Amino acid sequence: MTMTSYLPDLGPITAPQLPDHFAFWDYCAKRELRFQCCSACGQWRHPPAPVCPHCGSAAVEWKLAPSRAELFSYTVVHHASTPALRGHVPYNIAIVAFPDLVDIRIVSNVLDVPPQELRIGMPLQLVWQEQAPGRVLPLFVRAKATA
Amino acid sequence: MSSASPVRESQRACIVGIGETRYTKRGEQADRGEWALACEAALNATRDAGLDPRNIEGLASYSGDTSLPWLMQHALGIQHLRFASMVWGGGGSGACGSLAHAVAAVESGQAANVLVFRSIVQRPGSRYGEAGGFSEVPQIDLLAPFGMLMPASMMAPSFMRYMHEYGIRTEHLAEVALAFRDNAQRNPRAVMHGLPLSINQYMAARMIAEPLRLYDCCQENDGACALLVTTAERARDLPGKPVRVLSAQQGGNPGWGSATMGSHTMPAAEYGWGNGEQLSNDLYAAAGVSPSEVDFAQIYDHFTPAVLMSLENFGLCGRGEGGDFVAAGKIRRGGSMPLNTAGGLLSEAYIHGLNLVAEAVRQLRGESTSQVPGARVGLVTAGIGSTPISAALLAA
Ligand SMILES: [Zn+2]
């Protein structure tokens, strides 16, 4: 089966610039969704940052995201921001929350769900998709009812 | 109304001049360039104030204006440059922040006359709907691979959540777009002057990023705007009617540093509500006025839902009531809270919000093309949905 990725590789613009983000993407390349968790106070944080906003500690552990995820909000984009996206509109952008974590979310896409079926609060399940060599994205599909 | 500021009355900041260039569609003034437009607006502002431009002592701008202080000093012949400031913030969220810097400079005695300005000539490849402009956003790697590449798509999920939580409908967004376009029909400076908008046109327009249709998004324009800020004491020697700055501030709620330019991890309770509540509280407290004393507002309208959120964040209506508020006709000319009386960024021009301050000054001088009778206190906001944003309260 040939896999085409949901959105095409957009080149240099997608590359991480902050060293704090490198580990996040390195784990993604291994198909592990991990977030920073403060070793001193135990609070999770995202996006990656050099210091814990709760206690100021720089000591950090990268912990696996919980499996329970849901659609916190979304948009369906109809305007192609770059020629590479012209054949891909309309596409959705999902804001995915993890009910077991407070205010940890990621920007992602939901696969295989028509725009009119997207619902805030719908349960989602993580899948991985390679967008470009070395760039593996955490994406989501509709979670199966009571898996 | 009483002042909560410790500054002596004679030292309080006033806006004594406003200046603008022609406002046009994007690219129409590209042959002149941003420096020329900045100078034209600056000279118009000093002429309006009755001041010699060589007596400007301070410069304040925002959002990476390219008319750098040394260029402005050179062209305007500034003799005693004592203050130069650039406010952080993407888009126009620094419009009132740069005014705040000017106020701080004149009230602290760092500079007597401060020019606040913003000049925009939009270049190919810097269109707001194009991906090119975001390569310098340090957290773009968390957004771009998923196709989140333009301001509309960065902010749309927050608007979607807002509409979901509070029952805001497309008709409410349309009312904002139509009200501002209607105001532009009385303002000859407005780019959309002579181009009224109907509800049918609004509904039929192409979708950009749901829930945002074309007319929910601000324009792309060329032009420049400038303000001249000085002390009340100096204003007495000038010919015009000064407009007092009751307060001008920047701010942002906790957690918003990871918002639309990060990973959308702002606190869940306010994800779909903008980022103005804390700033709003500070702003009114410093001004010594309450929202009930505001006669009109110029609200940063980069997107129509941001106007509804701002009405709520800045206390002009209750939380979640923005939709009902606009549906009742309150933001229209003759309504209880007229908004964006020159047409706003949606229909006058998108000069990154500084033109909203200029229109507030006109209102308080009694010179607006959609004059609010007896206007005494006006609110101006700059940006919502990013951090920091800024706002100001002005009074006649
Ligand atoms: Zn900690």
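Things to note:
- Residue check for B:G257: within 14 Å of another protein chain (Cβ to nearest Cβ), open to solvent by less than 70 Å² (accessible area, probe 1.4 Å) and touching a residue at least 40 places away in the same chain (Cβ under 8 Å): yes
- Qualifying residue in region A:96-113 (condition: in contact with a helix residue (DSSP H, G or I) (Cβ under 9 Å, 6 or more places away or on another chain) and of a type in the set (K, R)): yes
- Index of the failed condition, A:D103 passing every other in (1) more than 7 Å from chain B (Cβ to nearest Cβ); (2) within 16 Å of the ligand (Cβ to nearest atom); (3) among the acidic types (D, E): (1)
- Residue in region A:57-70 that is within 11 Å of the ligand (Cβ to nearest atom), within 14 Å of chain B (Cβ to nearest Cβ) and free of Cβ contacts under 8 Å to residues at least 60 places away in the same chain present: no
- Condition met for B:A112 (in a loop (DSSP other than H, G, I, E, B), among the hydrophobic types (A, V, I, L, M, F, W, C), away from chain A (no Cβ under 14 Å) and open to solvent by less than 30 Å² (accessible area, probe 1.4 Å)): yes
- Enumeration of residues in region B:56-98 that are crowded, with 18+ Cβ neighbours inside 10 Å and either over 23 Å from B:A36 (Cβ atoms) or polar (S, T, N, Q) (or both): B:S61, B:S63, B:S67, B:F83, B:S85, B:G89, B:G90, B:S93, B:C96, B:G97, B:S98
- Of the candidates A:A49, A:A80, the single residue that is within 14 Å of the ligand (Cβ to nearest atom) and over 19 Å from A:F140 (Cβ atoms) is A:A49.
- Yes/no for A:C28 being in contact with a Phe, Trp or Tyr (Cβ under 9 Å, 6 or more places away or on another chain) and farther than 26 Å from B:M154 by Cβ: no
- Verdict on A:V89 being free of Cβ contacts under 8 Å to residues at least 60 places away in the same chain and within 16 Å of the ligand (Cβ to nearest atom): no
- Selection within region A:11-36 - part of a helix (DSSP H, G or I), away from the ligand (no atom under 16 Å from the Cβ), at pLDDT 95 or above and open to solvent by 40 Å² or more (accessible area, probe 1.4 Å): A:P19, A:F22, A:D26, A:Y27, A:A29
- Residue check: A:S39 meets all listed conditions (1) touching a strand residue (DSSP E or B) at 6+ places or on another chain (Cβ under 6 Å); (2) among the small types (G, A, S); (3) more than 16 Å from the ligand (Cβ to nearest atom) but one, namely (3).
- Of the residues making up region B:36-53, not a single one is open to solvent by less than 20 Å² (accessible area, probe 1.4 Å) and more than 22 Å from the chain's Cα centre (by Cα).
- Elements of type strands (runs of 3 or more DSSP E) in region A:51-129, at least 3 residues being open to solvent by 40 Å² or more (accessible area, probe 1.4 Å): A:60-64
- Scanning region B:145-202 for residues that are in contact (Cβ under 8 Å) with a residue 40 or more places away in the chain, aromatic (F, W, Y) and open to solvent by less than 10 Å² (accessible area, probe 1.4 Å) returns B:F159, B:Y162, B:F180.
- The residues listed here are B:R234, B:R213, B:R206, B:R181; of these, the one that is under 22 Å from B:G19 (Cα atoms) and modelled with pLDDT of 95 or more is B:R234.
- Counting residues in region B:357-375 that are free of Cβ contacts under 8 Å to residues at least 60 places away in the same chain, on the phi > 0 side of the Ramachandran plot and of a type outside the set (A, V, I, L, M, F, W, C) gives one or more.
- Only helices (runs of 4 or more DSSP H) whose full extent lies in region B:264-371 are considered here, and the ones with at least 2 residues that are away from every other protein chain (no Cβ under 14 Å) and among the hydrophobic types (A, V, I, L, M, F, W, C) are B:277-287, B:304-313, B:322-327, B:344-347, B:354-365.
- Sole residue being buried (at least 24 other Cβ atoms within 10 Å of the Cβ), closer than 30 Å to A:T14 by Cβ and in contact (Cβ under 8 Å) with a residue 12 or more places away in the chain, chosen from B:L311, B:L345, B:L279: B:L345
- Close pairs (6 angstrom Cβ cut-off, 6 or more residues apart or separate chains): within 14 Å of chain B (Cβ to nearest Cβ) and closer than 17 Å to B:I140 by Cα in region A:38-51, open to solvent by 10 Å² or more (accessible area, probe 1.4 Å) and within 8 Å of the ligand (Cβ to nearest atom) anywhere: none
- Flag for A:P8 being more than 7 Å from chain B (Cβ to nearest Cβ) and either part of a loop (DSSP other than H, G, I, E, B) or aromatic (F, W, Y) (or both): yes
The values are calculated or read from the model by the stated rules, or taken from the named source; none is laboratory data. Everything numeric in this text was worked out from a predicted model, so none of it was measured. Here Cβ is always computed from backbone atoms with ideal geometry, including for glycine, and neighbour counts include all displayed protein chains. Surface areas here come from the heavy atoms of the whole protein model, side chains and all, with no ligands, DNA or RNA. Shrake-Rupley method; radii C 1.70, N 1.55, O 1.52, S 1.80 Å.
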